[in-house]
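Below you'll find the structure, written out as structure tokens, and then a few comments.
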Amino acid sequence: MTPDDSPTTADLAPVGDLSYEQARDELVALVSRIESGQVPLEEAMGLWERGEELAAHCQGKLDAAQETLDRATDRGEGVGDDGGTDETATSQATDQP
């Protein structure tokens, strides 16, 4: 895709409809386009605004995931919880000759 036939921000899906991965990938592509120096200033400003929205969306998704993990660990439902801790496994591994 060349810069001339790149979608404009008006052609793109609403940020709120994107998954974390879609938003992250689009953000990476936007940064690359802006850094290339081949985008006119006015378009670059629109891309920057879209990038800000994408970054905030990604951060919101990450924050929500962290809250879910925090709630699970507060209830003692750690991911892969088998009753042991990582410290137990580490100490057992280091105690071996």
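The values are calculated or read from the model by the stated rules, or taken from the named source; none is laboratory data. Keep in mind the model is a prediction, meaning the values are calculated, not measured. Note that each Cβ is placed from the backbone with ideal geometry, even for glycine, and that neighbours are counted across all protein chains shown.
Annotation: of all residues in segment 55-83 being outside any helix (DSSP H, G or I) and exposed (fewer than 10 other Cβ atoms within 10 Å of the Cβ), the one that is modelled with the highest pLDDT is 75. Restricting attention to segment 9-24, the residues that are farther than 11 Å from residue 51 by Cα and assigned to a helix (DSSP H, G or I) add up to 7.
If you filter segment 1-42 down to residues that are among the charged types (D, E, K, R) and surrounded by fewer than 16 Cβ atoms within 10 Å (Cβ to Cβ), you find that the one that is modelled with the lowest pLDDT is 4.
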